[in-house]
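Notes for the one structure printed next.
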Amino acid sequence: MSEVVVTSRKNLQNEVRYGVGQAFTTDEPSTLGGDDAGPDPYTLILGALGQLYFNDGATLRAAQAVAGRERDCAVAAEPHSRARL
């Protein structure tokens, strides 16, 4: 795993840098004072959990119990399909 560097930018935006030349912006929705310039932290967590599901379904089921966010956690059962979290 490569090093991850998070740098605070304007308002609630952060730049996340990783790997060689890889970067993305995180932000909060405008309803929470952000600029909608990127995914919010909960979206990133749920996306990571979705990735874990396709690698190891048991890991996701355990992690869903501690996610701490009210979302629809219906996950598609077929491999290589979409996971709706």
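For this structure, a couple of remarks:
- Converting phi to 3J(HN,Hα) with the Karplus coefficients 6.51, -1.76 and 1.60 and the offset θ = phi - 60°, the stretch 29-40 yields x, 4, 5, 10, x, x, 10, 6, 8, x, x, 7 Hz in sequence order, with x at every glycine or proline.
- Under a 5 Å amide H cut-off, with hydrogens placed 1.01 Å from N, D35 pairs with L12, E28 among residues at least 5 apart or on other chains.
- Local electrostatic count at D27 - Lys and Arg +1, Asp and Glu -1, tallied over other residues with Cβ under 15 Å: -3
- Between A48 and V6, the modelled label-to-label distance comes to 0.8 nm, taking each label 7 Å out from Cα in the direction of the beta carbon.
We did not get these values from a lab; they are worked out from the coordinates using the rules stated. This one's a predicted model, so the numbers in the text were calculated from it and none came from an experiment. Note that we place each Cβ from the backbone using ideal geometry, even for glycine, and neighbour counts take in every protein chain shown.
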